[in-house]
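Participant: This is the structure I have questions about; it appears just below.
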Amino acid sequence: MEKRWALVTGASSGIGFAYAEELARRGFPLVIVSNEEQAIREKGEYLAGEYGVDVIALYRDLAVPGAARELYDTCQERGVEVDVLINNAGMFFYYEILQAKAGVVEKMLYLHVTTPTQLCYYFGQEMKRRRHGYILNMSSLSCWLPYPGITLYASTKRYLKSLSRGLRSELRDYGVSVTVLCPGAIATNLYNLSDNLKSLAIHLGIMMRPEKLARKGINALFRRRYLLVPGLLNKVFTPIAMIIPHGLVRWIMRKTGSLRLD
């Protein structure tokens, strides 16, 4: 129990892998978790070989009941003392809530609400007892923008922001810091854009590379910041978007066909 490990969920690709690589670069032994069995195993082998750190790669579905407790118990059984918890696993869909399949809605609620809350609870207790630790929760710029089509996604991300604020206050006197990250668009496969469009969006400042986001997020975490909204464009855009009437947003989306009346 001498090593202080970092645990990253959703670490087989995108932002989660970028977090894992950034932490490995800084010398942290890792527990990386994903529901992509082959990918998480390959990423674990790469990180261990490239950075010379211990890596435990776990294939787990975090969108099922009891997933958080099972993950915590696995770490306890292996003698892994988690000092850094990165709640990154998540998903996205663009539908009005009632148009989405019930299973998809349930999955999002587990990934964005139930499982990260329980992971904060279980690992947070250990950190509180040791009087040291770091928790980073991945929210989103959309937590301020509950617009049609992303209503459930934005609401769950708002929950993570609120959870992080309250938990930070509860744990601060015990040496445990909680940070919430609220990024805008990130250049991953989430949006199904071509490489050329991704490059253009990055150049224009509309998107950020996951590696850059991970570096900023980890820096904010270890500096014990509460909230990070990365990117100048996001800082400027958010307060403007918050004052746009929802009726106007709905009208524009109906007129452009983004959302339709059945």
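The values are calculated or read from the model by the stated rules, or taken from the named source; none is laboratory data. Just so we're clear, the structure is a prediction, and the values are computed from it rather than from any experiment. As a convention, Cβ positions derive from the backbone with ideal geometry for all residues, glycine included, and neighbour counts pool all protein chains shown. When the accessible area is computed, the model is the full protein with side chains, heavy atoms only, and any ligands, DNA or RNA have been set aside. Shrake-Rupley method; radii C 1.70, N 1.55, O 1.52, S 1.80 Å.
Participant: Non-local amide H neighbours of R209 (under 5 Å, H modeled in plane, Pro and chain starts lacking H): which ones?
Facilitator: Here A187 satisfy the definition.
Participant: With label points built 7 Å along Cα→Cβ from the Cα atoms of E77 and S13, find their separation and express it in nm.
Facilitator: With each label point 7 Å from Cα toward Cβ, the separation is 2.9 nm.
Participant: Whole-Hz ³J(HN,Hα) for each residue in the stretch 3-12, computed from phi via Karplus 6.51 cos²θ - 1.76 cosθ + 1.60 with θ = phi - 60°, x for glycine and proline: what do you get?
Facilitator: Ordered by residue, 3J(HN,Hα) equals 6, 9, 8, 10, 10, 10, 8, x, 9, 7 Hz.
Participant: Accessible surface of D54 in the full protein assembly, 1.4 angstrom probe, to the nearest 10 Å²?
Facilitator: My reading of the accessible area for D54 is about 70 Å².
Participant: Continuing with the same structure: Which entries of K43/K235; K107/K216; K101/K212; K3/K235; K107/K212 have Cα-Cα distances beyond 30 Å here?
Facilitator: In this structure, K43/K235; K101/K212; K3/K235 exceed 30 Å between Cα atoms.
Participant: Quick one: how many Å² of W144 are accessible to a 1.4 Å probe, rounded to 10?
Facilitator: 50 Å²
Participant: What list of ³J(HN,Hα) couplings, whole Hz, do you get for the stretch 177-184 from phi and the Karplus terms 6.51, -1.76, 1.60, once you set θ to phi - 60° and write x for glycine and proline?
Facilitator: 10, 10, 10, 10, 10, 10, x, x
Participant: Now for a different question. Within the stretch 52-74, find all residues whose amide N lies under 18 Å from a label point positioned 7 Å from the Cα of A102 along Cα-to-beta-carbon.
Facilitator: The answer is 64-65.
Participant: Please give the length that would be gained between R129 and Y46 if that part of the chain were fully extended, namely 0.36 nm times their separation in residues minus their C-alpha to C-alpha distance (nm, one decimal).
Facilitator: 26.6 nm
Participant: Could you state the per residue volume, in Å³, of the convex hull enclosing the Cα atoms of the stretch 1-141?
Facilitator: 112 Å³
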